[in-house]
1. Amide H to amide H under 5 Å from Tyr74: which residues, 5+ apart in sequence or cross-chain, H placed 1.01 Å off N in plane?
2. If packing is taken as the mean number of other Cβ atoms within 10 Å per residue, what is the order of 105-113, 65-73, 125-133, highest first?
Amino acid sequence: MKLFKYFLLLGLIVLLGLTACSNAPAPLKELRDGTEFGLGDGVARTDGSIWFTYYENENYGKQIKVTVTVERGYITDVVIDPDHDESPAYVGHVITQAPAIIIAKNAFTLESSDIDAQTRATLTIRGINQAGNNALDKLRN
């Protein structure tokens with residue numbers, strides 16, 4: 001009976017270990033180690049107006065700059081440049097929460113639902129993804 005309990009416990013530990021490992025993101029093997037930046041379009045403000053540059057394909061203000069560090073296939077640092085024209089009332093929480101989410105996912109696949117509130121910052125999120133993926137493109141082998 002002791003032996004049965006031992007193997008049952010051992011099997012449970014192995015199963016839990018495999019389950020925990022399956023949630024970890026895979027390394028991005030095609031990327032070299034380094035730090036690069038990319039630019040992306042979001043919502044830029046000019047003269048108090050909000051222009052949707054993502055849809056108009058025209059930039060009325062500064063682009064969003066994202067600097068990315070990759071080590072051994074994993075995104076280890078994400079810095080969203082604070083010098084942008086995005087409205088702090090809409091995107092301040094996105095700018096502060098996005099880096100940790102991107103690092104956890106090991107990908108620039110940020111969505112509005114990833115942020116803890118109704119963001120009203122969908123275009124900014126797309127701009128962050130665009131900038132981050134542009135940075136990753138520079139790190140491709």
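1. Result for Tyr74 returns Leu28.
2. 125-133, 65-73, 105-113
Since every read-out is calculated from the coordinates, none of them should be taken as a lab result. Keep in mind the model is a prediction, meaning the values are calculated, not measured. As a convention, Cβ positions derive from the backbone with ideal geometry for all residues, glycine included, and neighbour counts pool all protein chains shown.
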